[in-house]
Amino acid sequence: MPASTHPSLSLGPVLYLWDGPKWRDFYFRIADEAPVEHVTIGEAVCSKRLHFIEPHVAEVIERLEGAGKKVSLASLALVTLERESQLVRGLVRDSVHPIEANDLSALGLLAGKPHSVGPLINVYNGATARLLASRGATSICLPPELPMASVRDIVRDAPDIAFEIFGFGRVPLAISARCAHARSKGLVKDNCQFICGEDSDGLIVDTLDRQPFLALNGVQTMSHTCQSLLQELGELTAAGIGRIRLSPQDCDMVMVARIYDDVATGRCSSAEGIERLALAYPGVPLSNGFHYGQTGASWIAAPAGSPHGGERWQMS
Amino acid sequence: MTLPFAMTAPFRIAPLSVIEHATRLVFAQVVQQHPDLFDRLGEHADKRYAFVPTDLPVGFLVEPSARRISVHRKPHLPVAQACMGGKLVLLLALLEGQIDGDAVFFSRSLTITGDMEAMLALRNALDDCNIDLPADIARMSGPFAPLVRRAAAEIRTRALSREAATWN
Amino acid sequence: MELICPAGTPAAFREAVDAGADAVYCGFRDETNARNFPGLNFSRDELKTAIAYARQRKVMTFVAINTFMRAGQEKLWHDAVDDAVRLGADALILADFGLMAYTAERHPEQRLHVSVQASASNADAVKFLVETFGAKRVVLPRILTIPDIARLARQISCEIEVFVFGGLCVMAEGRCSLSSYATGKSPNMHGVCSPASHVRYREDGSELVSELGDYTINRFPAGEAAGYPTLCKGRFDIAEERGYAFEDPVSLDVMDHIDALRDAGVGALKIEGRQRGKAYVAEVVSIMRRAVAANADERPALLSRLRRLSEGQKTTSGAYEKRWR
């Protein structure tokens, strides 16, 4: 079990469709200012979007590596078309950067090569983690719905692999062959006009009683709430989690990274961190229910020194 | 549809105690014939279930762990954790697993309120039991058994086929 | 083509066998299978009896152990595998890599099928599972078109089973946390989706309101067919639009495409519905048995009767047809 004093931060891939220049400028600023050690880039959600970022990938990698960040490339989460299979095969064959596998095809193709495993692969137990490690996985970002009890067991059962936790961002909850985002604007996936690009932070789905509930991101469905495990950083570190993933939202992610860094290194309390987070990503309630094995949308305020206790608040 | 008069008449004119006595006899017979009925309920056996036929002036309260059924005249129905309402013929057909509960529910011929999990457990437990009311009732009817069985089966068949016609 | 039929209770199991199933699939009464609903599923003794009943009639029994082992509770899943093998299951339907590895190592002779929950949606994914765990069959996720399936079939060495009738997952199976987000109960870890324990129906004026946990999932005006509050089939508001954001309360029916599926290389047709009653199972299986044998022009008459039993009393071909996307 790694005995580091505090976890490092990583930045997951931008899950939304941002236009090329916005995407590039986002990573340039991350390279220059954000206290993250590791950055995973690439299109994980929808293969149709790839051409938006392709012209900028090289310059983004160069800028990130120039700033000392380690860079990985994300594979697609849902691979059904021959074209998509070819994309994954090409990525595995040609990439000089480590790949983050987000579906079973990438896992299969990456056998024997060092790689990482993304949060959309179902790793629910130590046996699965060990199996993936035996095939070349060096790190696994665990599924966001895992409760702390599972996290602790998995890390203990698979000591030869590094683990990462989904610590900030709207939670990717589901993915479909159908594009609900396009459908909501009267379009279909095959002629979607990249309409999901209109909603750079997701399109909110309300219940019929006007309660914000989910967020659409193309074929992916995300939580309306933003998962934050800021309060739980100490507990996660003690359990052997070496890395915390921040999933980009359309907000000041440099500020988000600084807040996590400040709390991780003890420069600021988690309570203060939560307050600052509300300013950095305003208008979106926080959630951490998954961590406690409860309703994922719920927020459980853990009193200082008692990582398991705390009152349950429904933030919505 | 309406129930055959032969089925509803006793509930309208008989004293509650008589209805309850008859119901308990039938219930006891069913429980005796199907001792595994409540095994599947697990933790839900301790709950109270109400069955309220929309076309009868009475409702039934079932308490599985006590092996007890009671009859109550509307609107004085006791509190139950889970309640199912619908035409008597549908409730009986569900009891026997002759029709699919989901299909009936989706068609809104049936209402379920309260503890859905408990009602689902009971539905599934009943579905596994192969209850055959006319046969079960007939077993307690002595020399008149064949007659009673035939009469009950005929009523059920007529009622169900008419109900099926209204769904399509 | 084989007809693979659901059974949630021993009574439904016998109905499925008698109605003409080639194989019946079922699960144990716990969290090891993806239909862990109250009052449903099999004890060890019940499975033993069921397998014997099926075997006498030359029908196979598949045991679904298709949730993901919860860390720290692996024994529950290991026992399920060991017992299903001991009791003579003809195949185990598995989703978890760790459990597949356990099965392949402890019971190398046991036939292993890849559950739809494993989300093996392309040739490289299937090859990975065949090569690593010796999988003999894959149940494909309900996200592929028939041409996708045909292309896939040409590239893989194992058998293909697809869902043709019953409940429809709108999301890629085994990769959906919508239910645990709203209720804390997870399809992958607890074998439940939109669990009944969190479901509530209430009347609001003339409307029937369905709720899951703290969320309103639908409101049905008087006279409209209702549906179970499955999250992905709920009615929601997006911007100013009100409607079914993901999918209507419909169920899957691709029986019109049986011949195309056969030509695509599909060897087994699967009926969803272990949570449905024995009357449903008996009717669906017997009609499907006749439909598989019938000519294409005879099928519509057979199948129209099935639609009455469907959720929302409407059906869709789902992802099998490209325009669904």
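The values are calculated or read from the model by the stated rules, or taken from the named source; none is laboratory data. Keep in mind that this is a model prediction, so the values were computed, not measured. Cβ coordinates were reconstructed from backbone atoms using ideal geometry, including for glycine residues, and neighbour counts include every protein chain displayed. Areas reflect the complete protein model, heavy atoms only, side chains present, ligands, DNA and RNA absent. Shrake-Rupley method; radii C 1.70, N 1.55, O 1.52, S 1.80 Å.
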Any hit, region B:125-132, residues being facing another protein chain (nearest Cβ under 8 Å) and among the polar types (S, T, N, Q): yes
Per-region count, region A:129-160, residues touching a helix residue (DSSP H, G or I) at 6+ places or on another chain (Cβ under 6 Å) and free of Cβ contacts under 8 Å to residues at least 24 places away in the same chain: 1
Condition broken by C:SER194, with the remaining ones in (1) open to solvent by less than 10 Å² (accessible area, probe 1.4 Å); (2) out of contact with any Asp or Glu (no Cβ under 6 Å at 6 or more places or on another chain); (3) over 22 Å from C:TYR280 (Cα atoms) satisfied: (3)
Single condition A:THR128 does not satisfy, out of (1) farther than 24 Å from A:SER298 by Cα; (2) more than 8 Å from chain C (Cβ to nearest Cβ); (3) modelled with pLDDT of 95 or more: (2)
Qualifying residue in region C:30-49 (condition: touching a residue at least 40 places away in the same chain (Cβ under 8 Å), of a type in the set (Phe, Trp, Tyr) and either more than 28 Å from B:GLU117 (Cα to Cα) or open to solvent by less than 50 Å² (accessible area, probe 1.4 Å) (or both)): yes
Per-region count, region A:172-212, residues in contact (Cβ under 8 Å) with a residue 12 or more places away in the chain and within 7 Å of another protein chain (Cβ to nearest Cβ): 13
Residue tally, condition of a type in the set (Ser, Thr, Tyr) and touching a helix residue (DSSP H, G or I) at 6+ places or on another chain (Cβ under 8 Å), over region C:194-216: 4
Among (1) without any contact (Cβ under 8 Å) to a residue 12 or more places away in the chain; (2) part of a helix (DSSP H, G or I), the one test that C:CYS232 misses: (1)
Region A:99-113 residues that are at the interface with chain C (Cβ under 10 Å from one of its Cβ atoms), paired with ones that are modelled with pLDDT under 95 and in a helix (DSSP H, G or I) (beta carbon under 6 Å, 6 or more apart): none
Subset of region A:68-98 [free of Cβ contacts under 8 Å to residues at least 40 places away in the same chain, open to solvent by less than 10 Å² (accessible area, probe 1.4 Å) and away from chain C (no Cβ under 12 Å)]: A:VAL71
Answer from C:ALA268, C:ALA260 - the residue that is at pLDDT 90 or above, farther than 24 Å from B:LEU122 by Cβ, buried (at least 19 other Cβ atoms within 10 Å of the Cβ) and more than 13 Å from chain B (Cβ to nearest Cβ): C:ALA268
Candidate set from region B:76-108 (those that are within 17 Å of B:ASP55 (Cβ to Cβ) and open to solvent by 40 Å² or more (accessible area, probe 1.4 Å)); member that is farthest from the chain's Cα centre (by Cα): B:ARG108
Some residue of region A:211-220 being within 16 Å of the chain's Cα centre (by Cα), in a strand (DSSP E or B) and among the aromatic types (Phe, Trp, Tyr): no
Helices (runs of 4 or more DSSP H) (entirely within region B:9-120) containing at least 3 residues that are in contact (Cβ under 8 Å) with a residue 40 or more places away in the chain and within 17 Å of C:TYR201 (Cβ to Cβ): none
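Quick grid of which residues meet (1) part of a helix (DSSP H, G or I); (2) closer than 18 Å to A:PRO98 by Cα; (3) in contact with a His (Cβ under 8 Å, 6 or more places away or on another chain):
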residue	(1), (2), (3)
A:ARG29	yes, no, no
A:VAL36	no, yes, no
A:GLU43	no, yes, no
A:PHE52	yes, no, no
A:LEU64	yes, yes, no
Residue match in region C:136-146 (condition: more than 8 Å from chain A (Cβ to nearest Cβ), under 19 Å from the mean Cα position of the chain (by Cα) and in a helix (DSSP H, G or I)): yes
